[in-house]
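All of the numbers you see were taken from the coordinates with simple rules; none came from a lab. The shown structure was predicted, so the numbers you read here are calculated from the model rather than taken from an experiment. Note that each Cβ is placed from the backbone with ideal geometry, even for glycine, and that neighbours are counted across all protein chains shown.
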Amino acid sequence: MQLGVTRIELLLTGMRSNSCREAIAEALKRVNGVRDVAVSLMRARAVVLCEPTCRTVELIKAVKAAGYGATLYGE
């Protein structure tokens, strides 16, 4: 992992297809500080690489605004 990059994993709900996966990825990429996003339809998870100032709550808000559910993985 790159220096100064934080890895955040989200558990996602409401995804049914690749278009859902793409919509979530695009929503997460628009959050300030996000550097890279990988969304897995099969695992129902998103891995977000972002600057340390990126807040999990902002990532979850972005997913919810796109019409899906998200929680921090492991909570």
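Name the single residue that is surrounded by the fewest Cβ atoms within 10 Å (Cβ to Cβ) among those in segment 1-44 being more than 11 Å from L59 (Cα to Cα) and in contact with a Pro (Cβ under 9 Å, 6 or more places away or on another chain).
G4
Restricting the first residue to segment 32-52 and requiring it to be under 20 Å from S19 (Cβ atoms) and in contact (Cβ under 8 Å) with a residue 40 or more places away in the chain, which pairs with a second residue that is of a type in the set (V, I, T) and part of a strand (DSSP E or B) meet a Cβ separation below 7 Å and a spacing of at least six or different chains?
Final answer for the pair search is V48/I8; V48/V34; V48/V37.
Restricting to segment 17-75, name every residue that is among the small types (G, A, S) and closer than 22 Å to L3 by Cα.
Correct list: G33, A38, A46.
In segment 54-73, what residues are surrounded by 14 or more Cβ atoms within 10 Å (Cβ to Cβ) and among the small types (G, A, S)?
Answer for segment 54-73, where residues must be surrounded by 14 or more Cβ atoms within 10 Å (Cβ to Cβ) and among the small types (G, A, S): A62, A66, G69, A70.
Examine segment 45-53 for a residue that is charged (D, E, K, R) and buried (at least 18 other Cβ atoms within 10 Å of the Cβ), and state whether such a residue exists.
No, that holds for no residue.
Taking interchain pairs and intrachain pairs at least six residues apart, which have beta carbon atoms under 9 angstrom, with the first residue in segment 1-20 and under 10 Å from E51 (Cα atoms) and free of Cβ contacts under 8 Å to residues at least 60 places away in the same chain and the second of a type outside the set (S, T, Y) and exposed (fewer than 10 other Cβ atoms within 10 Å of the Cβ)?
The qualifying pairs are G4/P52; V5/P52; T6/P52; R7/M1.
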